[in-house]
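Have a look at the structure below, then the notes.
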Amino acid sequence: MTDDDRTWTEPPRVLAVDDEEVVCESIRRVLTDEGYNVSTSTSPRTALEMLRKEAYDLLLLDIKMPEMDGIELLRAARDVSPETEVLIVTGYATIETAVEAIKLGAFDYLEKPVSPPQLLVATARALERKQLVDLTQRLRSELETRHSMGNVICSSAGMRKVMQLVGRVAPTSSTVLVTGETGTGKDVIARAIHYNSPRKDGPFVVADCASLAESLLESELFGHVRGAFTGAVKDRKGLAETARSGTLFLDEISTISPQVQGSLLRLIQEREVRPVGSDKAVPVDVRLIAATNRDLQELVDEGTFREDLFYRLSVFTIRLPPLRERPEEIPLLAHHFLQRYAEEFGKQIDVITPRAMAVLEAHDWPGNVRELEHAMERAVLLADGRSIDVNVIPAGAESPSSAWSDVPDDAATLAERKQELRAESVDRIERLFVLKALRSAGWNVSQAARDVGMARPNLHALMRKHGITAPGKEAEGEEEGDGDSDGS
C-alpha cells in the first residue's frame, strides 16, 4: 500500500525497532494510547522486510543492535521506503552518530531514557513534517499533471504546432516570448513550459506587469533595500530572486517603462539584479518567459520598446492563434469547462444540447478561450437540469456580431452554401466522434476501434482524413496511432 492509498484520517502507522522487547513494548503502549497504529520488531532484518511489504509513516529505531546497527538500517530503510520519517531513539547517542543520522535523513534523535511526553512530542513533530512533505509532493504532482502537455487541448493544426514548439523549448533554459490576443491562454503555455522543464521543482512566479504602477514595478521585480524610498522599512527580495532555480513569467511585458526595460535587460544578459537603492548586484538563476498581446516590433519602431531587449526576449517566439482560427476546438473546450465547473459547483451536468453548441460555435469569441470559459462557468451556475441549453448561454454569444456575414445573397449561393454546410457538418461530427473515442480509450487506437465497433484501419483512415494524431506522434512521416499503449 502506498501513501496515495491512505488518508490522514486513518491513524498514522509507526514501526518501532529495538533489540530490547521491553523498550518496544513501552513505545507501543505510549503511542497506542494516543491513537497511533504501532508495530514493533526486535530484529532489524525483520523490520526491513516489514518496510518492504507495508507503508509506515514513522520509523523509530535504536542505534546499537546485534544484527545490524541503526545507521545501517537507516541507510537500507531510505532505499526501501524513502517517504518514511525516522526518529533515532538510543542510549548511545554521540555527536558523530547524531550528525550522520541527520545527514541520512533522520528527522531527530532522542537519548534514552525517553519520557512519554518527550516521545509523544517528537513523534507528533516528525509526523507533522511527513504530512507537509506529502502535501507538497501531492500538490506538485497535481500541478505537473494539470499543466502537462498532454492536458492542453490542441486538436487544431495551429495548436498542435504550438505544442510541438513547447515540447522543443521546454527542456532548455532559453528565454521564451509567448504572443497572442487577450484570453488565448498565454499563461497556460508558460506553465506547460515550466512544468515540463528541468526547472519544474523550482517556483513558477508570475509578475503581472500591467497591474503595477511604474514606481512599484521595479521594486516588485528586483527588490529594494531599506531606506530606498518612503515606506521601505526593510530589505525585500524581488520576484526575480523569489523565482530562483525556477521560472519568472512576465505577463504583459509591453507595458513596462524604459527604466525597467534596462534593468530587465541586465537580468537577461548578466543573470543578476540590482535591488532599488543598492549598488550591489545579486546573482539569480532564473528562466524568463514573457507574454504580450501587443506587437513588440511595432513598439520598437515607435521607440517605446528597446530593440536590444526585444531581440533578447524573442529568442524563441510562440504565437497562440485566437479561438476564431481554431473553431474545431470550441466543443472540446466547452465540454472541458463544463466538467470543471460542474465538479466545482457540485452539479450533475454532463450534456450541452445541440442548439446550445450551435450557438457557441457560431460566436466569434473576441475574448477567446477566457471568454468561453466564463460563459461556461455562468451557464453551469444558471443551469437547473442535467444539460446546458441556449437559455443559459450569455447574450453576447446568442447574437454573434459576425452572424450575418455568412448569409447568402441569392438562391444559387444558398444552394451552394447548404451543400457546403452538409459536408462541414459531417466532417465536424466525424472529427468529434474520433476524438471522443480516442480520448475515452486513452488514445489507444486499437481499444478505441473496439469500443466504437469499427475496424482499426477504418478508424485510422478517419484520423488521417481529419489530421488527428495521438499525443507524441506528431512527427512528420510517423504513422498516426501506432504504438498503442497496450501493445495491441
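The values are calculated or read from the model by the stated rules, or taken from the named source; none is laboratory data. What you see is a predicted model, and the numbers here were worked out from it, not measured in a lab. Note that each Cβ is placed from the backbone with ideal geometry, even for glycine, and that neighbours are counted across all protein chains shown.
General remarks:
- The single condition among (1) closer than 28 Å to Arg439 by Cβ; (2) touching a Leu at 6+ places or on another chain (Cβ under 9 Å); (3) modelled with pLDDT under 95; (4) of a type in the set (A, V, I, L, M, F, W, C) that Leu239 does not satisfy is (1).
- Residue count for the range 51-98 under the criterion of being at pLDDT 85 or above, surrounded by fewer than 19 Cβ atoms within 10 Å (Cβ to Cβ) and closer than 24 Å to Arg29 by Cβ: the result is 2.
- Filter pass, Gln348 being polar (S, T, N, Q) and assigned to a helix (DSSP H, G or I): no
- Residue that is surrounded by the most Cβ atoms within 10 Å (Cβ to Cβ) [pool: residues in the range 318-365 that are within 16 Å of Asp389 (Cα to Cα) and of a type in the set (Lys, Arg)]: Lys347
- Residue within the range 205-226 that is of a type in the set (Lys, Arg) and surrounded by fewer than 19 Cβ atoms within 10 Å (Cβ to Cβ) present: yes
- Selection status of Leu381, modelled with pLDDT of 80 or more, under 30 Å from the mean Cα position of the chain (by Cα), over 24 Å from Cys154 (Cβ atoms) and assigned to a helix (DSSP H, G or I): yes
- Check on Ser197, more than 26 Å from Val162 (Cβ to Cβ), at pLDDT below 95 and polar (S, T, N, Q): no
- Pick from the range 296-316, criterion aliphatic (A, V, I, L, M) and in contact (Cβ under 8 Å) with a residue 40 or more places away in the chain, ranking: surrounded by the fewest Cβ atoms within 10 Å (Cβ to Cβ): Val315
- Scope the range 83-100; condition within 15 Å of Asp18 (Cβ to Cβ) and without any contact (Cβ under 8 Å) to a residue 60 or more places away in the chain; matching residues: Val86, Leu87, Ile88, Thr90, Gly91, Tyr92, Ala93
- Number of the exception - Asp235 against (1) buried (at least 21 other Cβ atoms within 10 Å of the Cβ); (2) more than 21 Å from the chain's Cα centre (by Cα); (3) of a type in the set (D, E, K, R): (1)
- Residues being part of a loop (DSSP other than H, G, I, E, B), of a type in the set (Ser, Thr, Tyr) and at pLDDT 90 or above - total across the range 264-304: 1
- Residue among Ala415, Ala470 that alone is at pLDDT below 80, among the aliphatic types (A, V, I, L, M) and part of a loop (DSSP other than H, G, I, E, B): Ala470
- The range 451-462 residues that are in the same structural domain as Phe433 (by TED's automatic domain parsing) and surrounded by 14 or more Cβ atoms within 10 Å (Cβ to Cβ), paired with ones that are among the aromatic types (Phe, Trp, Tyr) and assigned to a helix (DSSP H, G or I) (beta carbon under 7 Å, 6 or more apart): none
- Restricting attention to the range 191-239, the residues that are under 22 Å from Val260 (Cβ atoms) and either among the small types (Gly, Ala, Ser) or in contact with a His (Cβ under 6 Å, 6 or more places away or on another chain) (or both) add up to 14.
- If you go through the range 242-261 and pick out every residue that is touching a helix residue (DSSP H, G or I) at 6+ places or on another chain (Cβ under 8 Å) and either surrounded by fewer than 20 Cβ atoms within 10 Å (Cβ to Cβ) or outside any strand (DSSP E or B) (or both), you end up with 10.
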